[in-house]
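The values are calculated or read from the model by the stated rules, or taken from the named source; none is laboratory data. Model, not experiment: these values are computed from the prediction. Here the Cβ positions follow ideal geometry from the backbone for every residue, glycine too, while neighbour counts run over all protein chains shown. Accessible surface areas use protein heavy atoms only, side chains included; no ligands, DNA or RNA. Shrake-Rupley method; radii C 1.70, N 1.55, O 1.52, S 1.80 Å.
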Amino acid sequence: GGPPPSSSSASYAWYPLMTSTSPLTSLFITCRGPSFPIHLIDAYTSQLRASYRPYNGVDEMEGPTVVEFSPDGSKIYGTGFKSDRTIAVFDTSLPGREGMIARLGKTRRSHDGQKGIPSALAFPKCEGAGGPSNVFAVGTYSPASIYIYDDRMSNGYKPAGTIVLHGGLTVVGHGRKFSRKKRRFGQAGTTDNQGDGEEEKEEESLFSSARVNWFQSRARGGVTQLTWAPTASSNPYTLFSASRRSNTVLSWDVRALSGKDLNGDASSRPICGLTSYARDGDTNQRLEFELDETGRKMFVGCGASESCVKIYDVRSGALEDTIKVEANRNGQCMDAVNGVSYFPLLNGHGIGAQKYKGLLTVAVGSRRFDEQYSDDEDGNGVREVVEERPGALQLYAFKKK
């Protein structure tokens, strides 16, 4: 029920404490670009429950392009504003314009802080309302970067526009280039064994630098998605990221963010990723990935050349299976798999829970135009109307072993 939305959604997020048996908690937030506020929508009726209106520095309402709930559901975060590097934070129970503005830098053009338009925001997975809802990761478009923040203040929230998120830890950054002092192989007064040891250290240093550079370069196209590992995984401090036109999904261990560079600056030393998961990412679409409830398997959507969902073992990075998506009557699909969502059937609850262990929803499609132009024999443009196949939403069930 309810009226259709006036425009497509740029981002959405489900209420983290939602249960389908309680209509009062069946809510989600959505944003539709700079001209619209953040809307809280009833999932059962599609009716508008509340609106949250961010305002920029010239007192104009400006909507975000990225929204997210805090893990306890008490706050709503919106970012991705074109006018400034800010994050708008609202109390879920207080709709309107009253909120807190957290800045990623002192001003829009200042050289401090995280640069670029924010494109992704993610909180660590927490059980219940007692989790650390103040720690979150922020990813940006060009220049691409990933920072970890903690917005806890000793004196609580101040008025809007007065908080700057200092001390963000860099996962992928745009600070000074990471450099190592070159070693000489045969210094005077060294023995042959010492020279061999120096050579081995140099080779190890070059290999480590190459690995760091490889992981960093795969994230520089602009971050499109950030996801933390579930609490039930072997390492809940793992952060996963996907980037625009990138052929891999990357994992990062945030426990390795304490190192400092040669000048003592901890915010400019890039770190090395843990594992990479290959995919076809040669598209401007945002291709999603998803983790199961244990954090052991990853479902990765691929571009139009593969049109499939790849299932990886998270710990080893090994490809376990591939789901070939079929979107038309001929059993073929030439569209990108841009949406992936996994729902576990736990404790025997849900339709088919006795037979299946989980459901995977896959969204396939791309923007297409029915009208095409071609030249006739005289060189005149002729308009042809070609019926393009629409996108598809498919559901897959995984049987219990």
Any residue on another chain or 5+ positions along whose placed amide H is under 5 Å from the amide H of Leu345 is listed here as Gly358, Leu359
Going residue by residue through the stretch 137-142, the Karplus relation 6.51 cos²θ - 1.76 cosθ + 1.60 with θ = phi - 60° gives ³J(HN,Hα) values, rounded to whole Hz and with x marking Gly or Pro, of 10, 10, x, 10, 6, 4
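Just by accessible area at a 1.4 angstrom probe, what is the order of Met18, Met100 from largest to smallest?
The ordering from most to least exposed comes out as Met18, Met100.
Just to confirm a number: summing +1 for Lys and Arg and -1 for Asp and Glu over residues other than Pro95 whose beta-carbon lies under 11 angstrom from that of Pro95, what do you get? Don't skip to the end; give the middle numbers.
Details: positive: Arg49, Arg53, Arg97; negative: Asp91, Glu98.
That sum, taken over residues with Cβ under 11 Å, equals +1.
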A correct Karplus calculation of ³J(HN,Hα) over the stretch 72-89, with 6.51 cos²θ - 1.76 cosθ + 1.60, θ = phi - 60°, whole Hz and x for Gly and Pro, returns 8, x, 7, 10, 10, 10, x, 8, x, 6, 7, 7, 7, 8, 9, 10, 8, 10
Karplus ³J(HN,Hα) for the stretch 302-309 (6.51 cos²θ - 1.76 cosθ + 1.60, θ = phi - 60°; Hz, whole; x = Gly/Pro) runs 10, x, 5, 6, 10, 6, 8, 10
Once amide hydrogens are built 1.01 Å from N within the peptide plane, the residues lying 5 or more places from Arg97 or on another chain with amide H under 5 Å from its amide H are Arg53
The distance between the Cα centres of the stretch 58-80 and the stretch 281-318, in whole Å, is 27 Å
Heavy-atom accessible area of Lys75, protein chains in place, probe 1.4 angstrom, given in Å² to nearest 10, is 60 Å²
Flagged as over-length at 22 Å C-alpha distance, from Lys115/Lys297; Lys297/Lys355; Lys75/Lys115, the pairs are Lys115/Lys297; Lys75/Lys115
With all protein chains present, the stretch 33-98 has a carbon and sulfur share of its accessible area (1.4 Å probe) in percent of 50 percent
Given backbone amide H placed at 1.01 Å from N, residues whose amide H is under 5 Å from that of Ala50, ignoring those fewer than 5 places away on the same chain, are Leu40
With all protein chains in place and a 1.4 Å probe, Trp214 shows an accessible area in Å² (nearest 10) of 90 Å²
Expected field for Asp321, accessible surface area in Å² at 1.4 Å probe radius, rounded to 10, holds 80 Å²
